[in-house]
Amino acid sequence: MTAPPTQTPAGLAEAPSPWTTVRGGLGDRVFKTIALLAGLTIVAALAGVFVFLAIKGASGFTKPAEVYGPHAASFAGYVGPLLVGTFTASIIALVIAVPLAFGIALVISHYAPRWVATPIAFVIDLLAAVPSVVYGLWGAFFLAQKLVPLHRWLHENLGPIPVVGALFGEPNPAGRSVLTAGIVLAIMILPIITAISREVFSRTPRLHEEAALALGATRWEMIRMTVFPYARSGMVSAVMLGLGRALGETMAVTMVLSVGFDLSWNIIATSSPTSIAANIALKYKERSPDLLNVLVATGLVLFLMTFLVNFAARWIVGRSERRMAR
């Protein structure tokens with residue numbers, strides 16, 4: 001069904017254009033096709049990556065013990081410390097970056113005047129443009145040295161505490177530890193979480209905010225009752241995108257960490273476990289055919305881990321939205 005002819009100022013009927021038709025016309029069909037092809041392309045690319053990793057890395061799960069090196073006798077023993085390092089650095093990054101990102105996003109969207117919020121947003125966005133190798137150099141040769149006193153203080157004051165003290169054992173004298181890597185990752189994922197949260201916060205219906213303020217709510221109560229519920233799914237998505245960046249980061253972690261294969265959860269240790277991505281970058285140059293299969297297998301583990309994390313996040317967001325719809 002097409003739109004009725006329109007009248008020109010001279011009273012003459014103008015033929016309807018196929019691009020100005022109502023829903024179901026040529027323009028909608030073209031856009032739907034392009035959007036569908038774009039979505040299928042992404043799915044096909046992900047499936048292709050998975051198939052390649054599965055085929056190339058399948059034999060890496062059952063290699064002889066000597067292929068895994070002196071620190072492991074099986075694939076599980078090889079990838080275990082790498083998972084520990086990957087998760088530990090990523091969790092530290094989230095603990096530091098998420099509160100800061102949400103706070104900065106709220107300041108930009110609801111607290112600061114425009115002449116202050118605009119430069120802050122610009123500077124935060126610029127952090128995303130800095131190459132990861134620059135963060136790695138800064139973390140390895142500047143930040144690590146500055147964190148040595150903090151490592152010693154944590155070891156002396158928190159190390160004797162049962163259970164918690166396991167995180168703060170003998171510190172690395174150079175400061176190059178999982179904690180340092182986590183702080184660098186936190187700075188790297190801060191722009192991603194901040195930018196998405198800022199956009200979501202700013203899209204909260206203005207009438208909802210004004211209604212809460214009219215009922216006597218303070219600024220914080222208004223944000224807690226109207227902004228956070230409306231932006232919950234976006235906030236979760238922002239955190240998951242930041243986590244994905246932290247899990248897959250290579251160069252910065254490679255340059256900051258002193259590489260080791262240790263299942264200890266000590267975050268300031270002398271020999272800290274590296275991450276999967278950093279280990280692949282370090283070992284790829286000296287690879288043998290068997291070691292290459294092992295590295296691809298670890299890449300498959302990282303791929304599946306990232307996929308499961310994002311799948312869980314989408315499930316949580318969907319469940320939250322369904323609950324709010326009730």
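The values are calculated or read from the model by the stated rules, or taken from the named source; none is laboratory data. Because the structure is predicted, anything quoted here is derived from the model rather than measured. Positions of Cβ are backbone-derived with ideal geometry, glycine not excepted, and every protein chain shown enters the neighbour counts. Accessible surface is based on the protein model in full, side chains and every heavy atom, while ligands, DNA and RNA are left aside. Shrake-Rupley method; radii C 1.70, N 1.55, O 1.52, S 1.80 Å.
With the alpha-carbon atoms of the chain aligned to their principal axes, the span from lowest to highest coordinate is 87, 54, 40 Å, starting with the largest. For a straight C-alpha distance cut-off of 23 angstrom, the lysines reachable from Lys63 (same-chain residues fewer than eight places away being disregarded) are Lys283, Lys285. How much net charge surrounds Pro191 when only the other residues with a Cβ under 15 Å from the Cβ of Pro191 are counted, with Lys and Arg +1 and Asp and Glu -1? Net local charge, Pro191 excluded: -1.
Given only helices, namely DSSP H runs of n ≥ 4 each adding -39500 (n - 2.57), what is the per-residue ellipticity at 222 nm of the chain, to the nearest 500 deg cm²/dmol?
Result for the chain, helices only: -21000 deg cm²/dmol.
Taken along the Cα-to-beta-carbon direction at a fixed 7 Å, the label points for Leu150 and Val116 span 2.6 nm. Binning the C-alpha pair distances of the range 143-273 at 5 Å intervals from 0 yields a P(r) profile of 2, 11, 15, 13, 12, 10, 10, 10, 8, 6, 3, 0 %, listed from the shortest bin outward. Rounded to whole numbers, the Karplus 3J(HN,Hα) couplings from phi for the range 43-49 are 5, 5, 5, 4, 5, x, 4 Hz, using 6.51 cos²θ - 1.76 cosθ + 1.60 with θ = phi - 60°, and x at Gly and Pro.
Express the carbon and sulfur contribution to the solvent-accessible surface of the chain as a percent, rounded to the nearest whole number, probe 1.4 angstrom. Can you show the working numbers first?
Details: 12790 of 18230 Å².
Result for the chain: 70 percent of the exposed heavy-atom area is carbon or sulfur.
For the range 130-179, the Kirkwood estimate of hydrodynamic radius, built from reciprocal distances between every pair of different alpha carbons, is 11.6 Å. Put simply, when 243-251, 33-41, 212-220 are sorted by average Cβ atoms within 10 angstrom per residue, most first, you get 243-251, 212-220, 33-41. The HN-Hα couplings worked out from phi for the range 68-85 by the Karplus form 6.51 cos²θ - 1.76 cosθ + 1.60 (θ = phi - 60°) are 7, x, x, 8, 8, 10, 8, 5, 4, x, 7, 7, x, x, 5, 5, 4, x Hz, whole numbers, x standing for Gly and Pro. P(r) tail, the range 66-125: Cα-Cα pairs separated by more than 16 Å, 63% of all pairs.
Please state the charge dipole magnitude for the chain, taken about the Cα centre, from unit charges on C-beta atoms (+1 on K and R, -1 on D and E), reported in debye and rounded to the nearest 20.
Values: 24 positive and 15 negative charges, 117 e Å.
Charge dipole, the chain, about its Cα centre: 560 debye, nearest 20.
Each residue of the range 117-125 was assigned a 3J(HN,Hα) from its phi angle through the Karplus curve 6.51 cos²θ - 1.76 cosθ + 1.60 (θ = phi - 60°); the sequence is 5, 5, x, 4, 4, 5, 5, 4, 5 Hz, with glycine and proline shown as x.
A simple spin-label model places pseudo-atoms 7 Å from Cα toward Cβ; at Ile91 and Ala65 they are separated by 3.0 nm.
Accessible surface calculations at 1.4 Å, restricted to protein heavy atoms, place the range 42-163 at 57 Å² per residue.
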